[in-house]
Amino acid sequence: MSDALLSLEGVETHIGRYHILHGVDFAVPKGELTMLLGRNGAGKTTTLRTIMGLWRASAGRVRFEGADIAALPTPAIAASGIAYVPENMGIFTDLTVAENMTLAARGAKRLADIDTARLEWIFGLFPALRKFWGSRAGVLSGGQKQMLAVARAIVEPRKLLLIDEPTKGLAPAIIGHMMDAFRELKRSGATILLVEQNFNFARALGDGVAVMDDGRIVHRGRMRELAEDEALQTRLLGLSLAAHQ
Amino acid sequence: MLRTLLSEDLPKSRVLAFLLAAIVLALFLTPFLVPGAKAMGVAAKILVFVVLVASYDLLLGYTGIVSFAHTMFFGIGAYGVAIAFTRLGPSWGALAAGLAGAVLLSALLAFVIGLFSLRVRAIFYAMITLAVASAFQTLASQLSDLTGGEDGLNFKVPEVLSPAFELHPDPVLGASLDGKLLTYYLVFAAAMLLFLAMLRIINSPFGRVLVAIRENDFRAEALGYRVVVYRTWSNVLAAVFATLAGSLLALWLRYNGPDTSLSFEIMLDILLMVVIGGMGTLYGALVGAALFVVAQSYLQDLLRLAHGALEGVPVVSALASPDRWLFWLGLLFVLSVYYFPAGIVGRLGNKR
Amino acid sequence: MNRAHLPLILVPALALLALPLVGSLPSWATLTIAGLAMGMIIFVIASGLTLIFGLMDVLNFGHGAFISLGAYVAMAVMLPMAGSLETASFAATLAMLVPVTLAAMAVTGAIGLAFERVIIRPVYGQHLKQILITMGGMIVAEELIKAIWGPQQIPLNLPGSLKGSLLVGEAAIEKYRLLAVGIGLAVFLAMLWTLNRTKIGLLIRAGVQDREMVESLGYRIRTLFVGVFVAGSALAGLGGVLWGLYQQNITAAMGAQVNVLIFIVIIIGGLGSTAGCFVGALLVGLMANYTGFLAPKVALFSNILLMTAILLWRPQGLYPVANR
């Protein structure tokens, strides 16, 4: 995979005295949406956090555009063009929606500096943000917070988006809305690594897929193939994903 | 026998055991080894501080609580005895009444403060106790009718313990056999007894739960221990032992005032002794108190020499002035927290 | 909305409650201004501490050292100007006090930078050690001040044009207290503006809530924190100048004494909250002056009672900070 934007090679991560990742290998090709699937506790979130430098890899490489970023501090990793939406969304609830967006736009000193055309495009994806633009982010509903979290990640063009479970705890109608937004994001050419538990969501959006179990990658391939092979799904993902559907 | 006395918690290395035995023996023999009021005064202060520092370690080392109100309890003990003797005259009944009153007040205060603020984080508790202690100190000097204000209280102790009482007219090995000597051995016995009692407490199941809470309070809570309850009890126990230490101090000095038992400097001394001796090991209190009090009593002499030698060099000579001894202790304190968090006893192999 | 604004009412409520107790309107006005002045000065000092705590979870027990240091630097700078300060006009006095204050802030800010590197950086995330180390740092700093300027109390005279009182009706309002209220208010407004209208301010507020996310957005929170620490130390220095002039004398231990009040203030306000710190400081300042007049013996106790009452009402302080 020569066109991989991001690749992990033998990444090991320890958290305290616990050994969480045992040599993770996979790649995220440029311009694709790669799904990272697996049961709870398989190490998906730890993988994203390790890429962001929020946990340190104790061995292995994290290559981004060819350069090893495993030892860089988190702000430098972000500055190299990776945006991250954590599982808890990381919304600053004391700040307004507009202020949240201003902070996410590193290039903008003030609100007015944000590219208006791009902002309109984001409002098109998530109309609720326009409505609550001046409100404290704390008053948003769970779904709206998730939209704000994704919007923050794309307020400026980034090379890679890491998104942790954007459908977690959302109502089905909102999941549908989120799916539309991600389709539009894909059309815009974004490269995305998405952690997901909701298999329907994953099947509809994923180009490539990597499945984790117990801190290792147990399957790599195309999403379409996994979607068609029910036996493989059951073996890799068991009942935990089915239960989410 | 010794094993039972020490609650099966023997010093973990031979050097440490030797050091501890040497300190205790030296304290026991001080009146005969080094004649003179100063040496006996230093030794008595060590004994009082062994109890005080060990009781503080019950909080800091074993429960992981930082309190700045420990001198408040120390002061309550000292004032309890002082006020009782002043009001009721020099009788054993007065001593008992003063002790009982002080212990009750301390326990109650510790209980209330603990219940109120131990639910929250360590930092909160540290700040609240700092505020309460400084308020208490102000209160003690304001209520001058009761406490003698800034001047404090001079009082008489029961006749057997007063310096005028003679056991035998002739001195033995340079020490006069008087009431002061009796008081010294009373303080010695009480301090040893209290120390062994605390050793028993930390080696009981209760003590082990405290350590479990210090290591991981969420897990202890999950295992079914009511963390707040245990912390509060440890707070109360520490307060009671500190109160008793305060009573011993007052009994020994036949005087008490805000600077002798309540001042913030004593609080800092306690912190220094705990850290230097070793947090989380009661033997550290013994070593820390002995080392610190000896240093404190003789460091000023040493600084006086250095000051003379450095005369003329600005600031540096001012720092070497005997009045600036706290600077050197503060520096020592910061360095020990960085480099010897386990203290001397920890270095000698008695890891908690 | 209600929940956010309710604590603000406490300040006028306390003032109104004190009016019938004090009895006479002029005395009440004098006490209220004195209380507000004291509260503003405490706010200037405490605001830095609460932000430092909020941003990095670092509680600097040595904050008091910067108060003393600021006051001593101001004293040293004012010494040669004593003569002209005594006779200068109000405007000229202010013009002379500006460099005095800036010098105090520059020195405390610089020492703050060193303090952060040497004392605090090695003990991030370890509360117990933090408390012990910063306490030790304060002892050392206090002793250094004594070694440089001597252990005795030093009088710090108010410049001539700031002495005396203005008569408003029958109430005598000390000029300096009015000035202190003005400066405190200016600092508060400047701080509000910074926190709400500048990107740095947004980053600080965001960092108080979620450090990790701020880093994930590409900002170096360490740099931000060092900046806040230096600014907080400089503000403590400014507060020390104001406090020294308020008390009209300075000692090396003054910082440690004010520290107690500051802790009460930031506990009342909610650790990490600037608005809470402001309300808490005004409450403590007013309370100290009213009780100092009504029942001097319980003056310091009154603030403990105030803290107890507020914690019973809101156990996390007036403005609990999320995630803390």
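The values are calculated or read from the model by the stated rules, or taken from the named source; none is laboratory data. Here the structure is a predicted model, which means the values were calculated and not measured. Here the Cβ is made from the backbone with ideal geometry for all residues, glycine too, and neighbour counts use every protein chain on show.
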Total residues in the stretch A:5-43, condition in contact (Cβ under 8 Å) with a residue 40 or more places away in the chain and part of a strand (DSSP E or B): 27
Qualifying residue in the stretch B:190-202 (condition: free of Cβ contacts under 8 Å to residues at least 60 places away in the same chain, part of a helix (DSSP H, G or I) and touching a Phe, Trp or Tyr at 6+ places or on another chain (Cβ under 7 Å)): no
Residues (out of contact with any Asp or Glu (no Cβ under 8 Å at 6 or more places or on another chain) and either surrounded by fewer than 21 Cβ atoms within 10 Å (Cβ to Cβ) or among the β-branched types (Val, Ile, Thr) (or both)) located in the stretch A:42-51: A:Thr46, A:Thr47, A:Thr50, A:Ile51
The stretch B:317-348 - residue that is more than 16 Å from C:Lys129 (Cβ to Cβ), small (Gly, Ala, Ser) and in a helix (DSSP H, G or I) and, of those, nearest to the other protein chains (Cβ to nearest Cβ): B:Ala318
Among residues of the stretch C:149-206, those that are outside any loop (DSSP other than H, G, I, E, B) and more than 30 Å from C:Leu217 (Cα to Cα), counted: 26
Test: residue in the stretch C:62-81 that is in contact with a Phe, Trp or Tyr (Cβ under 8 Å, 6 or more places away or on another chain), not hydroxyl-bearing (Ser, Thr, Tyr) and not in a helix (DSSP H, G or I): yes
Conditions (1) within 29 Å of C:Ile148 (Cβ to Cβ); (2) facing another protein chain (nearest Cβ under 10 Å); (3) outside any helix (DSSP H, G or I); (4) aliphatic (A, V, I, L, M): number failed by B:Leu271: (3)
Residue in the stretch C:146-154 that is closer than 30 Å to B:Pro322 by Cβ, charged (D, E, K, R), crowded, with 20+ Cβ neighbours inside 10 Å and touching a residue at least 12 places away in the same chain (Cβ under 8 Å) present: yes
Positions within the stretch B:140-157 being facing chain C (nearest Cβ under 9 Å) and either surrounded by fewer than 15 Cβ atoms within 10 Å (Cβ to Cβ) or at pLDDT 85 or above (or both), in sequence order: B:Leu143
Selected residue (criterion: nearest to the other protein chains (Cβ to nearest Cβ)) from residues of the stretch C:259-283 that are among the aliphatic types (A, V, I, L, M) and touching a Phe, Trp or Tyr at 6+ places or on another chain (Cβ under 6 Å): C:Leu271
Residue in the stretch C:128-168 that is nearest to C:Leu79 (Cα to Cα), counting only those that are small (Gly, Ala, Ser) and within 10 Å of another protein chain (Cβ to nearest Cβ): C:Gly150
Residues satisfying the stated conditions in the stretch C:179-225, i.e. away from chain A (no Cβ under 14 Å) and β-branched (Val, Ile, Thr): C:Val181, C:Ile183, C:Val187
So A:Ala78, is it in a helix (DSSP H, G or I), small (Gly, Ala, Ser) and surrounded by 20 or more Cβ atoms within 10 Å (Cβ to Cβ): yes
Counted residues, the stretch C:229-265 - those being assigned to a helix (DSSP H, G or I), among the hydrophobic types (A, V, I, L, M, F, W, C) and more than 10 Å from the chain's Cα centre (by Cα): 11
